[in-house]
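> The structure that follows is given in the form of structure tokens.
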Amino acid sequence: MDTPVVRYASSKTCSACGTKNEQMAREPVFWCADEQCGHRHDRDENAAVNLARWTALVENQEETLPLVAAA
């Protein structure tokens, strides 16, 4: 069985609260779309935190799908 491709919007998702910011363009600084959170972070570092958490989740799951993922 082929493994399906799972897409995760790591650079558009807030690493503090999980809110996805659809308005993110190619800006170097990530900003959270949730006004109560207000998290700001270097975009690449924000994505790295999200991917590290996602990887840990996948490695600790016997069945990895379905994962919450977004393109």
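The values are calculated or read from the model by the stated rules, or taken from the named source; none is laboratory data. On a predicted model such as this, the values are computed, not experimentally measured, just so you know. What goes into the accessible areas is simple: the full protein's heavy atoms, side chains included, and nothing from ligands, DNA or RNA. Shrake-Rupley method; radii C 1.70, N 1.55, O 1.52, S 1.80 Å.
> Identify, from the list Asn60, Asn50, Asn21, the residue that is within 9 Å of the chain's Cα centre (by Cα) and either at pLDDT below 90 or open to solvent by less than 60 Å² (accessible area, probe 1.4 Å) (or both).
Within the list Asn60, Asn50, Asn21, the selection yields Asn50.
> Check the range 44-58 and report whether any residue there is among the basic types (Lys, Arg) and part of a helix (DSSP H, G or I).
Yes: the range 44-58 contains one or more residues that are among the basic types (Lys, Arg) and part of a helix (DSSP H, G or I).
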